[in-house]
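Here's the structure we're looking at; comments come further down.
The values are calculated or read from the model by the stated rules, or taken from the named source; none is laboratory data. From a predicted model like this one, the values you see are computed outputs, not experimental measurements. Positions of Cβ are generated from backbone atoms using ideal geometry, with glycine treated the same way; all protein chains shown enter the neighbour counts. To get the accessible areas, we keep the full protein, side chains included, count just its heavy atoms, and leave off ligands, DNA and RNA. Shrake-Rupley method; radii C 1.70, N 1.55, O 1.52, S 1.80 Å.
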Amino acid sequence: MNAFGDIGVLLIDTLGTLYIMAVLLRFLLQVSRADFYNPITQVIVRITDPVVQIFRRLIPGIAGIDFSSLVCALLLECAAIAGMLFISGNSMPAVGAILTWSIAGLISMILNIYFWTLLISIISSFIAPFSGHPALVLVRQLTEPVMAPFRRILPPMGGLDLSPIFVFLALQILRILLVQPLNAPGFVPGL
């Protein structure tokens, strides 16, 4: 692969990952019932709306959850992987392989989103526990549905919340169970 191919793969990987992450965040924010008047949420919706609206016409929402965002993210992931394979000069694998890699990439990206938002939530609870900053409010709203079941099982012990430890453990177990089996030889790194 030449320099232009490397640049093309880098651009598709970086820009594709950022946009797919925005679409996944839109889906996760809807699932967690986050505040859509938050300025950061409004930016995410504004950025992803042109593409998601196309899929929303074809895929209806079910129980208040907009699955068109998830399908959009999956198809964008497939297109990005196919684009990176094409630009790098690799032969195109079967559609099933690209779909499998895309599912593994989306699951991995969702787990990464929760990992980093949980880490930000923990750090912000020490630095600015009662901050009303829109980013921190959004992080709390995104992580609370994941942390709530663990908090019910493990109540705070002397003001110390140990539930994030078990959420991190659960995220790693999910990564081992869901992503590693799909990570077949020849997996496209990055997405």
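Below is a table of values for the structure above.
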quantity: Using alpha-carbon coordinates, inclination of helix 67-87 to the longest axis of the chain, degrees; calculated: 40 degrees
quantity: Euclidean distance between Cα centres, region 35-67 to region 68-120, Å; calculated: 19 Å
quantity: Carbon and sulfur %, accessible surface of the chain computed with the full protein complex present, 1.4 Å; calculated: 75 percent
quantity: Region 12-53 residues near the modelled D161 label - backbone nitrogen below 19 Å, point 7 Å along Cα→Cβ; calculated: 29, 32-35
quantity: Under 5 Å, built H, 5+ apart or other chain: amide partners of S131; calculated: none
quantity: Segment I47-S91, extension gain: residue separation times 0.36 nm, minus the distance between their alpha carbons; calculated: 12.6 nm
quantity: Cleavage-rule hits (chymotrypsin sites (Phe, Trp or Tyr not before Pro)) in region 92-189: DSSP loop, at most 13 neighbouring Cβ within 10 angstrom; calculated: F130
quantity: Gain on full stretching of the segment that runs from V137 to I65 - 0.36 nm per residue minus C-alpha separation; calculated: 23.8 nm
quantity: 1.4 Å probe accessible area per residue over region 66-189, in Å²; calculated: 54 Å²
quantity: Principal-axis tilt of helix 163-174 within the chain, Cα atoms, nearest 10 degrees; calculated: 20 degrees
quantity: Residue-averaged 222 nm ellipticity for the chain, from DSSP H runs of 4+ at -39500 (n - 2.57), nearest 500; calculated: -24500 deg cm²/dmol
quantity: Within region 1-157: Cβ-based charge dipole about Cα centre, in debye rounded to nearest 20 (Lys, Arg +1; Asp, Glu -1); calculated: 440 debye
quantity: Gaussian network model of the chain, springs between alpha carbon atoms under 10 Å - residue of L18, L106, L29 with greatest fluctuation; calculated: L18
quantity: Label assignment, volume of the Cα convex hull per residue in Å³ derived from the structure, set (1) 183; (2) 115; (3) 143; calculated: (3)
quantity: Sequence-separation-based contact order of the chain, relative, with Cα cut under 8 Å and 6+ spacing, percent; calculated: 26 percent
quantity: Two-site label geometry, I127 and A79: point separation in nm, points 7 Å out along Cα→Cβ; calculated: 3.6 nm
